[in-house]
Amino acid sequence: MLSAIARLNPHVDMKKIVIGLMDRLSTYATRGSEKSDDPEVRKKAEEEATVRLLENLQLSKERGEAPPASDEQKTADKEKGIVQPENGINQPGEGDGGKDTKPESVEDQQESEEATFLPGNIKLYEIFYDQVLNLVKTRGIPIQDTIALLVSLTNLALNIYPDRLEYVDQVLQYATKTATEHSDSADFHSAPAQSSILNLLLAPLQSYVSIFTALSLPNYIPFFAAQSYSTRRAVAGEVARNILRNRTSITSPENLDNVLQILRVLIREGMQQPAGYPGAQSQRRGGETEETIEEQGWLARIVHLVQGPDNDTQLKLLQALRTAYLDGNERIRYTTPSIITSSIKLARKFKAREHFDDNWQPQSSALFRFMHQCVSSLYQRVNSGCADLALRLFVLCGQTADETGFEEVSYEFFAQAFTVYEDSISDSRAQFQAVCIISSALHGCRNFGRENYDTLITKAALHGSKLLKKPDQCRAVYLASHLWWVVESPQKEGDEPNIVYRDGKRVLECLQRALRVADACMDTAVSVELFIEILNRYVYYFDQQNETVTTKYLNGLIELIYSNLQSNQTEGIPSSSLESPRRHFERTLDYIKSREWEGVVTEPPRQ
């Protein structure tokens, strides 16, 4: 039939006939060999087939031979008298020495098992591959029709010979050669041709259980790289969604490298293509679109699926990710937090192995240097928009370094956070939030020496006292008081008790300064609310048995609040503005009464 098709009138659309034949055979093969194999079994079979393919290619290179099933190999076979007849059936004594045809290898046996509807001596793929090449060569088929034929041929190979990866790779090899030859052709960049190319690239991704099977094909990535920006972006999007949808773990540097080569088109900003082609797309400038932000979200989520089999491999994988993502320039604002989060998990794993691995400290030091480089790159490349994010990440890294026992490293991270604060954060609200973040993190640190800790907390309190708005300044100062009164953390049985940092005198100084700032506020309701908040801090430290916070300070502040509430009523200030502070004050007094502290007066002073 195929030989008859080749002799049809040149005006007959042979593409439709051949594609129809291949598609019907593929559908029949799929229907006739439906299996309920466990995905893990299929995945294992694909991995074994990939190993065989790569081993064969390596052997061919070492021997100086062409890869199996290539056009050159077929030519050599014909010269040796091994001729494949047009109908695909070898006759006795014709190319097989007169012997009965038998499977020549384990792969042939698997092939015959997969395609039980075919006689074992019919090599269907090879017949159609030769026919497609013959049609292209002799009938001058347009490039868009050639690619469409290759799509159907690929589907035939995937459905009938799922374990013969070399068949799909052979099609991709020919497609790469064809794409290179027609790269300057308008027909190659037409919508039908680009649609067929996209289908050709997606077919292996959607057929194989493991996405790494398709990406491991030697000619897949070269063919992908030869395509237009829009096609590469569509394929990269499918790869990213496939990985996330199936929660596919990336465990080896080879698999990660293959994935990153595909995703690079999403990492970088799209470049302008030659004008005049339907697939052309100008470079995107300015802010990111919702679509590109979603793509960056995919890249960030993929970081969490990079899971090396051991800690050393995981560090190498994270370093490879960071190197690839740096090509995105300002887009690293979306991916750096994920890399830092994964690095923090790895730092804790290193710490958990401290009694089993002698080199855990050098490994941890290398990891913290890597984390510092990541955040520094973010701050330097996206300074204007990511100062707050960089500060938060520096603080987070500092907490992790302290948690794992690296005091000097932790100090450096916090010092960098202060540098970012001083150089790049100017908005008053952002400054207040930054001071609170740093103070909260420092309060939770437990492994600083007294000198380093005192330097950092003094710096935090100083920045808090210099905030622009008085209410922010007041709150930052009374919150900083907790830095001089560290709470003991729960201890495990057998652990030595921690020596916590406490200085009651400095606590009182912070509270007294906060009172002076609150009294300077012009808004009466705000001033009263701040007084009540400071009273709550006094109550806390009194309850914590801070000897410098005595009943004198509690009674004096309670009397001051009563006085302000009373004077505001006489001055005609609307009671509605003071209603919330009044209820807050009443709740605080109720708590003080419930504690029944001796010497604390909660009743209003007599007039």
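Where a number appears in this text, it was derived from the coordinates with a stated rule and is not lab data. Please read these numbers as outputs of a predicted model, since none were measured by experiment. Using ideal geometry, Cβ is built from the backbone for each residue, glycine included, and neighbour counts are taken over all protein chains shown.
A few remarks follow.
- Per-residue packing, averaged as other Cβ atoms within 10 Å, sorts the ranges 521-533, 143-155, 299-311 into the order 143-155, 521-533, 299-311, beginning with the highest.
- Our summary gives region 524-607 a relative contact order of 40 percent, counting only alpha carbon pairs under 8 angstrom and 6 or more residues apart.
- Length gained when the stretch K44-T551 is fully extended (0.36 nm per residue, less Cα-Cα span): 175.1 nm
- Estimated distance in nm for a label pair at L468 and K593, the labels positioned 7 Å out from Cα along Cα-to-Cβ: 4.3 nm
- Amide H within-cut-off set for I250, under 5 Å, with H built and near neighbours excluded: V306, Q307
- Cα gyration tensor, region 417-538 - rounded (a/c under 1.5), prolate or oblate: oblate
- Principal axes of region 524-607: Cα extent on each, largest first, Å: 40, 25, 21
- Calculated FRET value between A366 and E254, using beta carbons and R₀ = 22 Å, to 0.05: 0.50
- Residues K137 and N242, FRET efficiency given R0 of 25 Å [Cβ-Cβ distance, rounded to 0.05]: 0.10
- Put the Cα centre of region 288-356 next to the Cα centre of region 593-607 and the gap is 56 Å.
- Relative contact order %, region 275-432, counting alpha carbon pairs below 8 Å whose residues are six or more apart: 17 percent
- About the Cα centre, charge dipole magnitude for region 524-607 (Lys/Arg +1, Asp/Glu -1 at Cβ), debye: 40 debye
- Residue ranges 555-561, 313-319 sort as 313-319, 555-561 when ordered by packing (mean number of other C-beta atoms within 10 Å per residue, highest first).
- Extension gain, R429 to E126, is 102.0 nm, computed as 0.36 nm per intervening residue step minus the present C-alpha separation.
- Mean Cβ neighbour count within 10 Å, used as a protection proxy, ranking 341-349, 249-257 highest first: 341-349, 249-257
- Alpha-carbon centroids, region 121-166 and region 172-188: separation in whole Å: 16 Å
- Take the Cβ atoms of K505 and E559, set R0 to 30 Å, and the FRET efficiency comes out at 0.80.
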